[in-house]
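A.B. asks: One structure, as structure tokens, below. Some questions next.
The values are calculated or read from the model by the stated rules, or taken from the named source; none is laboratory data. From a predicted model like this one, the values you see are computed outputs, not experimental measurements. So basically every Cβ, Gly included, is an ideal-geometry build from the backbone, and we count neighbours across all protein chains shown. Accessible surface areas use protein heavy atoms only, side chains included; no ligands, DNA or RNA. Shrake-Rupley method; radii C 1.70, N 1.55, O 1.52, S 1.80 Å.
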4 protein chains.
Amino acid sequence: MKVTVWNENRHEKQNETVAGIYPNGIHGTIAAFLHESGFDTRTATLDEPEHGLTDDVLAETDVLVWWGHKAHEEVKDDIAEKVKQRVLDGMGLVVLHSAHFSKVFKKLMGTSCDLKWREADDRERIWVVDPSHPITEGLGEFIELEKEEMYGEHFDIPAPDELIFVSWFEGGEVFRSGATFKRGKGKIFYFRPGHETYPTYHNKEIQRVITNGVNWAANRNTPSPTYGNRKPLENISDK
Amino acid sequence: MKVTVWNENRHEKQNETVAGIYPNGIHGTIAAFLHESGFDTRTATLDEPEHGLTDDVLAETDVLVWWGHKAHEEVKDDIAEKVKQRVLDGMGLVVLHSAHFSKVFKKLMGTSCDLKWREADDRERIWVVDPSHPITEGLGEFIELEKEEMYGEHFDIPAPDELIFVSWFEGGEVFRSGATFKRGKGKIFYFRPGHETYPTYHNKEIQRVITNGVNWAANRNTPSPTYGNRKPLENISDK
Amino acid sequence: MKVTVWNENRHEKQNETVAGIYPNGIHGTIAAFLHESGFDTRTATLDEPEHGLTDDVLAETDVLVWWGHKAHEEVKDDIAEKVKQRVLDGMGLVVLHSAHFSKVFKKLMGTSCDLKWREADDRERIWVVDPSHPITEGLGEFIELEKEEMYGEHFDIPAPDELIFVSWFEGGEVFRSGATFKRGKGKIFYFRPGHETYPTYHNKEIQRVITNGVNWAANRNTPSPTYGNRKPLENISDK
Amino acid sequence: MKVTVWNENRHEKQNETVAGIYPNGIHGTIAAFLHESGFDTRTATLDEPEHGLTDDVLAETDVLVWWGHKAHEEVKDDIAEKVKQRVLDGMGLVVLHSAHFSKVFKKLMGTSCDLKWREADDRERIWVVDPSHPITEGLGEFIELEKEEMYGEHFDIPAPDELIFVSWFEGGEVFRSGATFKRGKGKIFYFRPGHETYPTYHNKEIQRVITNGVNWAANRNTPSPTYGNRKPLENISDK
């Protein structure tokens, strides 16, 4: 399975704290643990030509992982649209943390995708609410992160097809932290944690969830619907 | 609309604290504010003949509100089954707090309906996660209860048809506090708050939610499906 | 409740058959039966300034009914966007027949909204699959239309929040004909029938469904979420 | 992965037509193609001691396939209850055709599971309505069966977590033919076709769906929730 990890890669260049936590970039860290799990993994970033997302790269990508935050608006509209179409055609999409506000996710959801937030070192507990879901494979009942940015409800998304995780935050909020959506032939997994100033993507349980999410999101040769004008049954098959 | 409020009515007889908070019983308090909202309201309790749920009472009930806790096992199987059938036939059901473990709710859900709990005066914040839902009419973004019993995930229910509220608890837990389910022609609303030692059902916002829930759960003359052997189309209507 | 019925209103001007069936336009027929049901109803059409959807009109509209077919592309992008925002803010939306391809519906769904179709006088049977839903009030088990345009699966929409009707077509297809979606504070009902060359909107059962749909889609004073930076609990309420 | 195929195995003993189509029983045919797909497969039938479903067998079963029709009532209550509990604990369940009326499925659904039916050699077209779902792997847009028993809506089940297939029948009906449900840690797939007098389980596409369903239903080491009384966060981890 071929996985492309896309990252804005700006905080890492501009902020020493972030660069210290992720010396190879957030994409580098994520690509490394996905590679160790056996995926054929590459990376792509905002400042590459076509943001690293050429037609060839997208055509060869089974699952795209997306991290962005401060430069959503710099993603070109035609590329965002192309990524969306590729999802509808069956590419899996794992949307991380502040990518809730990415053009691609907002186009696919049809809502504002807005939320509450706070950068105050809140303790976070990510509770499993669907213990049948393969994305929870290998986990305990919850994941605890000592410090993270808070995201709070209301999270303006469509009701998810599946709700897997709900987060508790020390400061008084809850958040639907892990949710799946299907759009066309594409499967989408949103997973909340991962503010750039915390070492969240080095956490083994978080890595496990993202790895499980990539596995889940991959399309496995499902049918390609056809659309448009159709003859009635009698003309299709002479049985 | 005719509403029947059912209550186990045992804590009120055995515990002075509870009797002090609910001198007319939990059912009395709930029936009173529903009556004020314009519903034709009656009550029924465990120790009445047939638990107060005769065929006539059930036939005349549009929405049944259910509170129970320590005596779930004393509810007779045939009456629990009769109530379940009446829900499938279109009676609305509002399931409160510890009634998550009632025979009727468990039969309708098909799961254990188990959960975590703690009696430790946790502060609770009940967050609205579906601000389009009529059950949230007249509310703000959350309801805060200074002290309540904690209920925590995993709550072993089927994925709700609609998730409306998620609770935050001071001690570190979250809970899917307001959820709807449809079974047959019946609409079911589960709402978490209401431990007997707290004055929760005197809270105006909680009353609003229960009132909205009763309104939502009422069936409004929807079709009665028929089942069994059927002739093909050509014999039904002359093509 | 204030309802605005929007119609492209082109077929009626250009095609005698359509003009014969709907001498006051499809919007005129729909507005008339909604008015009879007690709604405060107005109409708006494509060729009016701002397509008849000024800020004032939208602000005063509780539920918008939308019919369009051949001129989706003539709807201005900024107006489609404005309508979408108004839905997220709580305006109900009833999307009829070929409006599956309208800009507003596609923006809200995030998918292609494509489907199969055939104009061949197929008999259609619209089966109720959710007999608990208020949109089915007053109906029987199915609605039969002697002749209609066929729409067939796959219908490229997100999994609906609720699936209410499934259509059977004589020529061999099925279609998810009645489905609800919630986006932000807005409630959306898609209902399939209504090709312009058939008298479908004169059918009393179809009128009943659309009337029920308008009633269901209206937002009833639900909470307005706030978004952005938040202080922790301790700073919000000094309890 | 270990799969147990359970069959009532009565029609095969009493009806020559059925015995001719399934000389090794319906269970034999299903077990054979699942074995060929690489599963470790065994069978169990009604007339064996404990219906072939001893504690050991259930403990070792990852996915149980269930076919029953005329002898649902002969399945002992305690065994049906034990199977249900095992599903809640994570055993996958694939429910075929007339097993919609099995004790196990009805207990897990909480509804009557009733439907319409006709034995009249209707042509059936099973349309894919969710082309992202792994259960559709390797299929085309629909499966056509020349002759089958008709099942028609309303099918009295809870709204499925996922709706994958909808059937069209020649005689005028539709049916939600492929649907998934999650209960506890268990995943359930209901798949409609397979009346005993037709060679449906010899059809390669039907075999593909059942094989995909078994793969999908298997639980993969997801968390085991704990329930009951809990201490608050401060006592669990030193804040």
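A.B. asks: Would you mind checking which residues have amide H under 5 Å from B:Glu162's amide H? H placed 1.01 Å from N; only 5 or more apart, or other chain.
C.D. replies: Long-range HN contacts for B:Glu162: B:Thr180.
A.B. asks: Using only alpha carbon positions, build the gyration tensor of the protein assembly as shown, then give the equivalent ellipsoid semi-axes as the square roots of 5 times its eigenvalues, largest first, whole angstrom. Don't skip to the answer; put the middle values down first.
C.D. replies: On the way: eigenvalues 279, 255, 223 Å².
Listed largest to smallest, the semi-axes of the protein assembly as shown are 37, 36, 33 Å.
A.B. asks: Let me ask another. Could you check how much of the accessible area of chain B is carbon and sulfur, as a whole percent, using a 1.4 Å probe? Display every interim value, and only then the final one.
C.D. replies: Values: 3560 of 8000 Å².
Whole-percent figure for carbon plus sulfur exposure: 45.
A.B. asks: Order C:Lys204, A:Lys116, B:Lys147, most accessible first, counting only protein heavy atoms with a 1.4 angstrom probe.
C.D. replies: Solvent-accessible surface, decreasing: C:Lys204, B:Lys147, A:Lys116.
A.B. asks: If we hang a label 7 Å off Cα along the beta carbon direction at A:Asn15, how far is it from the matching labels on the other copies, in nm, shortest first?
C.D. replies: 4.8, 5.6, 6.8
A.B. asks: Using only Cα atoms, find the angle between the long axis of helix B:77-88 and the longest principal axis of chain B, and express it within 0 to 90 degrees, rounded to the nearest 10.
C.D. replies: The helix B:77-88 is inclined about 70 degrees to chain B.
A.B. asks: Once you average over the residues of B:134-141, how many Cβ atoms of partner chains fall within 10 Å of each Cβ?
C.D. replies: Going residue by residue through B:134-141 and averaging, the value is 5.
A.B. asks: Amide H to amide H, which residues 5 or more places from C:Ser177 or on other chains are under 5 Å from it, using H placed in the peptide plane?
C.D. replies: C:Phe165, C:Val166, C:Ser167
A.B. asks: Further, regarding this structure: Determine, for each peptide in B:212-224, D:14-26, the mean count of other beta carbons within 10 angstrom over its residues, then list the peptides with the highest first.
C.D. replies: Packing order, densest peptide first, comes out as B:212-224, D:14-26.
A.B. asks: Another one. Net charge around C:Arg42, counting only other residues with Cβ within less than 13 Å of its Cβ (Lys, Arg = +1; Asp, Glu = -1)?
C.D. replies: That sum, taken over residues with Cβ under 13 Å, equals -4.
A.B. asks: On each of the three principal axes of the Cα atoms of the stretch D:50-119, give max minus min coordinate, whole Å, ordered largest first.
C.D. replies: Reported extents, whole Å, longest axis first: 39, 21, 18.
A.B. asks: Which is farthest toward the positive dipole end of chain A among A:Trp67, A:Phe189, A:Gly20, measuring Cα position about the Cα centre, with Cβ charges +1 (Lys, Arg) and -1 (Asp, Glu)?
C.D. replies: A:Phe189
A.B. asks: Can you list, shortest first and in nm, the gaps between the label point of A:Gly138 and those of its counterparts in the other copies, using a point 7 Å from Cα in the C-beta direction?
C.D. replies: Once sorted, the set of distances for A:Gly138 reads 2.7, 5.1, 5.7 nm.
A.B. asks: Give the relative contact order (percent, whole number) for the stretch C:2-221; include only Cα pairs under 8 Å separated by 6+ residues.
C.D. replies: 22
A.B. asks: Still on this structure, I have one more. Using a label point 7 angstrom from Cα along Cα-to-C-beta, what distances in nm, from shortest up, separate C:Asn229 from the other copies?
C.D. replies: In nanometres, ordered from closest: 4.5, 5.9, 7.4.
A.B. asks: Give the cross-link partners of C:Lys2 among the lysines, using a straight C-alpha distance below 26 Å as the criterion and excluding same-chain residues fewer than 8 apart.
C.D. replies: Partners within reach: C:Lys76, C:Lys82, C:Lys84, C:Lys103, C:Lys106, C:Lys107, C:Lys182, C:Lys185, C:Lys187, C:Lys204.
A.B. asks: Another question about this same structure. Taking the Cα centre of each part, how many Å lie between the stretch C:1-36 and the stretch D:105-167?
C.D. replies: 37
A.B. asks: Helix-derived [θ] at 222 nm for the protein assembly as shown: sum -39500 (n - 2.57) over DSSP H runs of at least 4, divide by residue count, nearest 500?
C.D. replies: Values: 32 runs with 260 residues, N = 956.
Taking each H run of at least 4 residues, the total per residue is -7500 deg cm²/dmol.
A.B. asks: Near C:His154, within a Cβ-to-Cβ distance under 11 Å, what is the net charge of the other residues, with Lys and Arg +1 and Asp and Glu -1?
C.D. replies: -3
A.B. asks: Now for a different question. If you take the Cα atoms of the stretch D:97-239, find Rg, then find the Kirkwood Rh from the mean of 1/r over all pairs, what is Rg/Rh?
C.D. replies: Reported Rg/Rh, Kirkwood definition of Rh: 1.12.
A.B. asks: Considering every pair of different Cα atoms, what Kirkwood radius, in Å, is found for chain B? Write out the running numbers ahead of the final one.
C.D. replies: Details: mean 1/r = 0.0542 Å⁻¹.
Evaluated over chain B, this radius sits at 18.4 Å.
A.B. asks: Let me ask something else. Students sometimes get this wrong: rank C:Met1, D:Met109 by accessible area, probe 1.4 Å, all chains present, largest first.
C.D. replies: Largest accessible area first, the residues go C:Met1, D:Met109.
A.B. asks: Follow-up. Solvent-accessible area of C:Leu163, probe 1.4 Å, all protein chains present, reported in Å² to the nearest ten, please.
C.D. replies: Rounded to the nearest 10, the figure is 30 Å².
A.B. asks: OK, next. Quick check for you: with a 1.4 Å probe and neighbouring chains kept, what is the accessible area per residue of chain B, in Å²?
C.D. replies: With the other protein chains kept in place, chain B gives 33 Å² per residue.
A.B. asks: Name the nearest-to-axis residue of chain B, judged by Cβ distance to the rotation axis taking chain B onto chain D, and quote that distance in whole Å.
C.D. replies: B:Gly110, 2
A.B. asks: Enter the buried accessible area of the D/A pair, total of both sides, probe 1.4 Å, in Å² rounded to the nearest 100.
C.D. replies: 2800
A.B. asks: Can I ask one more? Using the Cα gyration tensor of the stretch C:109-157, with a ≥ b ≥ c the square roots of its eigenvalues, what is the shape: rounded (a/c below 1.5), prolate (a/b larger than b/c) or oblate (neither)?
C.D. replies: oblate
A.B. asks: Which whole number gives the average, over all residues in D:177-183, of C-beta atoms from other chains lying within 10 Å of the residue C-beta?
C.D. replies: Shielding by partners across D:177-183 averages 3.
A.B. asks: Take every residue in peptide D:212-222, count the Cβ atoms of other chains within 10 Å of its Cβ, and give the average of those counts.
C.D. replies: Mean shielding by partner chains, rounded to a whole number: 3.
A.B. asks: Under a Cβ-only charge scheme (Lys and Arg +1, Asp and Glu -1), can you give me the dipole magnitude of the protein assembly as shown about the Cα centre, in debye to the nearest 20?
C.D. replies: 20
A.B. asks: Could you work out the local net charge near C:Leu115, counting Lys and Arg as +1, Asp and Glu as -1, over the other residues with Cβ closer than 13 Å to its Cβ?
C.D. replies: It works out to a net charge of 0.
A.B. asks: What are the residues whose amide H is under 5 Å from the amide H of A:Trp117, where those residues sit 5 or more places off or on another chain and H is modelled from the backbone?
C.D. replies: For A:Trp117, the qualifying residues are A:Gly152, C:Gly228, C:Asn229, C:Arg230.
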